[in-house]
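What follows is calculated from the coordinates using simple rules that are stated; it is not laboratory data. These numbers come from a predicted model, not from an experiment. Glycine gets a Cβ as well: all are built from the backbone with ideal geometry, and neighbour counts include every protein chain shown.
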């Protein structure tokens with residue numbers, strides 16, 4: 001998911017986003033649009049919103065309140081944000097752009113930027129967790145599909161645009177005079193994820209390259225057929241099949257594969273964390289998030305109208321949802337059915353992508369003046 005990515009070697013993050021950029025996004029990343037659009041216009045969501053705290057934000061590793069950078073205050077590394085920015089906002093995405101994928105490391109938030117309309121204005125960007133200064137890592141000639149982080153580098157894939165722009169690219173995370181390098185040359189790259197000290201780079205031709213992060217050697221190619229997205233964790237690789245939308249898995253280094261869940265009417269959004277699979281799929285009453293059980297079965301964790309994107313970390317499932325004109329972030333335990341999600345944040349915005357660190361949840365929140373990167377306590 002992912003982009004969609006979570007911390008290196010731990011998990012991959014797959015999610016479905018709803019934005020003005022949808023017409024340029026591959027179908028495997030936009031399948032939730034009918035459900036999200038239906039829920040955004042439905043007052044039925046209001047019954048599960050609950051009472052939200054008043055804009056809790058925290059620093060990494062602490063539950064103490066952090067002075068917000070919103071409402072005209074400036075962060076230590078950049079200019080003030082516009083008055084009326086969402087609570088906990090840390091930076092404003094440039095040029096009215098939308099967030100296509102997001103990831104975090106110890107000090108910064110990274111995202112893929114798409115244009116609010118049209119076909120130009122793609123970039124890889126970041127900002128410090130405690131600042132408002134935007135760093136442009138790369139400007140792109142075609143629409144990116146996926147984002148992933150290692151300890152030293154940021155990776156992204158571009159599957160459309162000029163032939164010279166396509167492939168999986170790598171750049172230093174911090175400001176550098178060294179231009180991005182082409183890590184993997186392919187005309188049709190798709191989703192990427194990082195796990196087990198390697199990057200997994202899918203192609204729309206049905207193959208996946210497993211390559212050491214340092215890029216030594218030729219890597220290992222495997223053929224998965226018609227797949228839509230991939231994830232990796234522990235000893236397993238996961239993917240969704242294009243024909244049936246089933247999620248399949250195989251242990252690394254073996255030819256044996258098996259179906260875990262499905263079929264679905266549409267490809268599910270899924271991720272892997274600590275060797276366990278989580279997925280979100282349509283149900284009669286909304287979008288239901290499931291967790292793979294130790295016996296191979298599935299536990300339905302929570303059903304959400306207006307669901308947009310989710311992430312998992314340290315025993316918790318976190319997701320963004322839109323209800324009428326209100327965007328919110330919620331949380332449940334990751335191992336049991338959850339009748340009463342914990343509310344973490346809510347405002348009159350449209351929320352989309354989400355990422356986690358040890359103490360905070362980061363997400364994109366759109367208002368008229370543009371899209372903000374927002375931080376709230378986990």
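Data overview
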{"read-out": "Added length on full extension, which subtracts the Cα-Cα distance from 0.36 nm per residue, residue 139 to residue 274", "value": "45.3 nm"}
{"read-out": "Fully extended contour minus Cα-Cα distance, from residue 264 to residue 182, at 0.36 nm per residue", "value": "26.0 nm"}
{"read-out": "FRET E, pair residue 243, residue 221, Förster distance 30 Å, beta-carbon r, rounded to 0.05", "value": "0.90"}
{"read-out": "Peptides 95-103, 185-193 ordered by average Cβ neighbours within 10 Å, highest first", "value": "95-103, 185-193"}
{"read-out": "Rg/Rh ratio calculated on Cα atoms of segment 91-142 (Kirkwood radius)", "value": "0.96"}
{"read-out": "Rg and Dmax of segment 245-323, Cα atoms only, in Å", "value": "13.1, 44"}
{"read-out": "Segment 191-283: translational diffusion in µm²/s, Stokes-Einstein, Kirkwood Rh over Cα pairs, 10 °C, 1.306 mPa s", "value": "119"}
{"read-out": "Mean-position separation - Cα centroids, segment 208-276 and segment 76-113, in angstrom", "value": "31"}
{"read-out": "Rg(Cα)/(2.2 N^0.38 Å) for segment 164-233, N = residue count", "value": "1.13"}
